[in-house]
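Q: Okay, here's the structure, questions in a sec.
The values are calculated or read from the model by the stated rules, or taken from the named source; none is laboratory data. Here the structure is a predicted model, which means the values were calculated and not measured. For neighbour counting, all protein chains shown are included, and Cβ atoms are generated from backbone atoms with ideal geometry for every residue, glycine included.
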Amino acid sequence: MTIAGSIILIMLGAILTWAVEFDLAGVDINVVGVILMLGGLAGLAFGIYRIRMARRATPIVEEPLEVYEERRRYGEPPL
């Protein structure tokens, strides 16, 4: 889950919890909103953790070693 998807879930859950006064038989909209917010928070925490681990695992690139190139002509004997 991406960070944007997690934020959308948090916003949708907040809307269902505090702004909607709709009654549905057998379903409590407030509980559904809280569940969506908790899922969004968990996804956000996981997304941030994943980004931090990816940045930490980036290898440090050192200066490349010098490369020697050997050129010979066909008439020269091998070294």
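Q: Quick one: would you say GLY26 is under 30 Å from ILE51 (Cβ atoms) and over 18 Å from the mean Cα position of the chain (by Cα)?
A: no
Q: Taking the range 26-79 only, how many residues are within 27 Å of ILE8 (Cβ to Cβ) and either at pLDDT below 75 or in a loop (DSSP other than H, G, I, E, B) (or both)?
A: Residues flagged as within 27 Å of ILE8 (Cβ to Cβ) and either at pLDDT below 75 or in a loop (DSSP other than H, G, I, E, B) (or both) within the range 26-79 amount to 2.
Q: Can you report the number of residues in the range 1-25 which are among the aliphatic types (A, V, I, L, M) and part of a helix (DSSP H, G or I)?
A: So the count comes out to 11.
Q: I'd like the residue in the range 1-25 that is surrounded by 15 or more Cβ atoms within 10 Å (Cβ to Cβ) and of a type in the set (Ser, Thr, Tyr) and, out of all such residues, is modelled with the highest pLDDT.
A: SER6
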